[in-house]
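Data block below; observations after.
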Amino acid sequence: MGILIALEGLDGAGKRTLVDKVVAALTASGLRVAVGAFPRYGESLHADVAAEALKGGHGDLADSVYGMGLVFALDRGGYADELRKLLSDNDIVILDRYLASNAAYGAARLRQHADGEYTQWVRELELGRLGLPAPDLQMLLDVPVELARERAKAREAQDATRELDAYERDGDLQSRTGEVYRELASTNWVSRWRVLSPDVDPAALAADLAEWK
Ligand SMILES: Nc1ncnc2c1ncn2[C@@H]1O[C@H](COP(=O)(O)OP(=O)(O)O)[C@@H](O)[C@H]1O
Ligand SMILES: Cc1cn([C@H]2C[C@H](O)[C@@H](COP(=O)(O)OP(=O)(O)O)O2)c(=O)[nH]c1=O
């Protein structure tokens with residue numbers, strides 16, 4: 001049975017870039033590694049509906065914090081069986097965003113903290129009712145909000161499909177989300193957490209994870 005690791009952080013923090021490098025290093029060291037990313041755009045109706053809502057579609061759906069949280073959660077719920085299979089076939093499964101994304105963005109939108117009602121609702125919905133496997137480790141790529149924003153904007157300029165959505169354009173929301181993420185990490189919400197700095201060395205991180213495994 002493999003271990004489940006989720007990488008979390010703000011939009012533009014560099015999660016996807018870091019996951020790619022860590023996975024390459026772990027694979028080169030001979031471990032069986034699988035990756036996943038949420039939202040599962042192009043693969044799940046729920047993920048596509050969430051993206052469309054964040055770009056102004058589906059009426060007032062994006063105005064509802066619980067509504068959006070439910071849609072993101074259902075995207076993951078549809079992947080639960082596949083995730084369990086990946087865990088049984090691999091040593092390590094790394095996810096680019098998992099249920100803590102829902103907890104951090106939703107609590108930040110509601111101006112709640114990590115120990116509030118919203119994060120509890122996410123936990124019960126996703127790990128309880130949807131039966132998703134709990135992560136063994138969650139990692140926060142803790143990048144200052146200004147740097148994440150610059151990176152997200154640079155990416156938008158290079159790739160027209162990565163146009164900034166409603167959450168990404170809201171700098172205030174991003175900074176509150178960063179605060180909730182740090183609270184989730186410091187209280188070890190759902191699993192133990194590890195906080196990574198923006199200059200984290202992917203090879204050293206991979207070596208640590210391989211040893212931990
Ligand atoms: N360590 C880094 N240094 C400089 N630029 C980076 C770094 N990590 C990512 N980037 C760039 O920042 C942008 C956002 O990175 P990405 O991995 O897509 O972030 P996320 O998945 O967290 O939204 C991309 O254009 C990427 O090339
Ligand atoms: C996966 C997930 C994302 N989100 C938010 C974070 C982002 O602001 C937004 C889109 O996810 P993101 O990973 O940033 O997608 P993109 O590839 O478009 O940059 O949705 C949640 O609120 N809950 C979730 O469960």
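The values are calculated or read from the model by the stated rules, or taken from the named source; none is laboratory data. All figures in this text were calculated on a predicted structure; none of them were measured in a lab. FYI the Cβ positions are ideal-geometry reconstructions off the backbone, even for glycines, and counts take in every protein chain you see.
Structure summary
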{"item": "Glu163 surrounded by fewer than 17 Cβ atoms within 10 Å (Cβ to Cβ) and either within 24 Å of Leu70 (Cα to Cα) or of a type in the set (Gly, Ala, Ser) (or both)", "result": "yes"}
{"item": "Test: Val195 is within 16 Å of ligand 1 (Cβ to nearest atom), within 16 Å of the chain's Cα centre (by Cα) and under 27 Å from Ala34 (Cα atoms)", "result": "yes"}
{"item": "Filtered residue count, region 130-147, keeping only those that are in contact (Cβ under 8 Å) with a residue 40 or more places away in the chain and over 13 Å from the mean Cα position of the chain (by Cα)", "result": "10"}
{"item": "Number of positions in region 20-41 that are within 20 Å of Lys85 (Cα to Cα) and either in contact with a strand residue (DSSP E or B) (Cβ under 7 Å, 6 or more places away or on another chain) or aromatic (Phe, Trp, Tyr) (or both)", "result": "10"}
{"item": "Close pairs from region 70-94: first in contact (Cβ under 8 Å) with a residue 12 or more places away in the chain, partner acidic (Asp, Glu) and away from ligand 1 (no atom under 16 Å from the Cβ), Cβ under 6 Å, at least 6 apart", "result": "Ala73/Glu126"}
{"item": "Of all residues in region 21-77 being in a helix (DSSP H, G or I) and of a type in the set (Asp, Glu), the one that is nearest to ligand 1 (Cβ to nearest atom)", "result": "Asp75"}
{"item": "Pairs, first of a type in the set (S, T, N, Q) in region 39-56, second more than 16 Å from ligand 1 (Cβ to nearest atom) and not in a loop (DSSP other than H, G, I, E, B), C-beta under 6 Å, six or more apart", "result": "Ser44/Asp75"}
{"item": "Flag for Arg32 being within 16 Å of ligand 2 (Cβ to nearest atom) and of a type in the set (D, E, K, R)", "result": "no"}
{"item": "Residue tally, condition more than 16 Å from ligand 2 (Cβ to nearest atom) and not in a strand (DSSP E or B), over region 1-20", "result": "2"}
{"item": "Some residue of region 102-114 being in a helix (DSSP H, G or I), within 14 Å of ligand 2 (Cβ to nearest atom) and free of Cβ contacts under 8 Å to residues at least 24 places away in the same chain", "result": "no"}
{"item": "Set Ser186, Ser197, Ser191: member being more than 14 Å from Leu137 (Cα to Cα) and either surrounded by fewer than 17 Cβ atoms within 10 Å (Cβ to Cβ) or away from ligand 2 (no atom under 13 Å from the Cβ) (or both)", "result": "Ser197"}
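Each row is one residue, and each column tells you yes or no for (1) modelled with pLDDT of 95 or more; (2) touching a strand residue (DSSP E or B) at 6+ places or on another chain (Cβ under 7 Å); (3) surrounded by 13 or more Cβ atoms within 10 Å (Cβ to Cβ).
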| residue | (1), (2), (3) |
| --- | --- |
| Leu110 | yes, no, yes |
| Ala114 | yes, no, yes |
| Glu124 | yes, no, no |
| Met139 | yes, yes, yes |
| Val143 | yes, no, yes |
| Ala154 | no, no, no |
| Asp170 | no, no, yes |
| Pro202 | yes, no, yes |
